Structure formats: C-alpha cells, structure tokens
Amino acid sequence: MNAIIIGILLPLLGTMLGSAFVFFMKKEIPDRMQKTLLGFASGVMVAASVWSLLIPSIEMAGERVLPAAVGFLAGIAFLLLAGVLGVALPYLLAFAAGAMMYVVVEELIPETAQGAHTNLSTIGFAIGFVLMMVMDVVLG
C-alpha cells in the first residue's frame with residue numbers, strides 16, 4: 001500500500017514542482033537553471049526508456065537482445081527520417097504519445113488489466129482523452 005501511495009505522490013509532486021517553475025518563470029529561465037532542468041528531464045526520459053521499455057523488450061524476447069536492438073535502431077531511424085520530412089513530425093509526435101498512453105493504460109492501471117475485454121478500457125480511455133483534448137482546444 002505504501003508503494004502505491006509513493007507511486008502516486010511522487011509524480012504528483014514532480015508535476016507540481018514543474019508547473020511552479022513554469023508559473024514563476026514565465027518570461028525567461030536563467031541559463032544555469034535551464035541546463036539543469038534539461039539534464040534532469042533527459043535523465044528521466046533515458047531511465048524510462050531503458051528500464052520501462054528496453055529491458056522489458058529484452059525480457060519478453062527471452063533474454064535475446066536482437067529484437068530490442070532492431071526496434072531501438074528502427075525507432076531512431078524513423079525519427080531521423082521524420083526530421084527530414086518535417087511535415088510528418090506532428091503526426092509522429094502524436095503517434096508516440098498515443099503509444100505511450102496505450103502502455104500507461106494497459107500496463108499501469110491495474111483495474112484495466114483484470115478479467116476479460118481489457119482492450120475496452122484502452123479504447124474508452126482513448127475516446128475520452130481525444131474528446132477532452134478536442135473540446136479543450138476548440139472551446140478554449
């Protein structure tokens with residue numbers, strides 16, 4: 001139970017701290033602070049990529065590293081190509097967000113993974129999220 005509470009409070013505190021930086025530093029972030037925050041965000045994303053994506057990929061493949069290596073390089077090549085295309089980048093960023101949301105709903109929300117028809121939760125989440133996103137942007 002304590003792990004669940006910590007797992008909820010830690011991201012909450014991080015989000016609150018991050019939004020406080022944005023709120024109080026509306027115009028310009030000092031160079032040292034910006035470099036520190038960029039380094040921190042990079043560390044978080046690299047750790048998430050390794051421990052939440054690459055290592056599980058290797059474990060799912062029966063400790064074979066080839067699928068993880070091919071997928072990793074394909075992902076980088078795909079985004080490099082997207083950078084060349086330019087126009088496709090917004091779609092690719094949204095694609096990556098959708099893939100990450102899928103993983104969150106399917107793997108991190110325990111109730112959605114229980115019983116039969118677990119994909120219904122993911123589909124419901126996606127529809128609800130897109131509806132709210134569209135309403136927020138359109139209605140302001």
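Here are a few things to note about the model shown:
- Taken over the range 97-139, residues that are under 22 Å from Ser57 (Cα atoms) and acidic (Asp, Glu) amount to 2.
- Considered as a group, the residues in the range 44-93 that are hydroxyl-bearing (Ser, Thr, Tyr) and either closer than 28 Å to Leu10 by Cα or touching a residue at least 40 places away in the same chain (Cβ under 8 Å) (or both) include one that is surrounded by the most Cβ atoms within 10 Å (Cβ to Cβ), and that residue is Ser57.
Rule-based calculations on the coordinates, nothing more; no lab input. Computed from a predicted model, the values in this text were never measured in an experiment. No Cβ is skipped: glycine too gets one built from the backbone with ideal geometry, and neighbour counts run over all protein chains shown.
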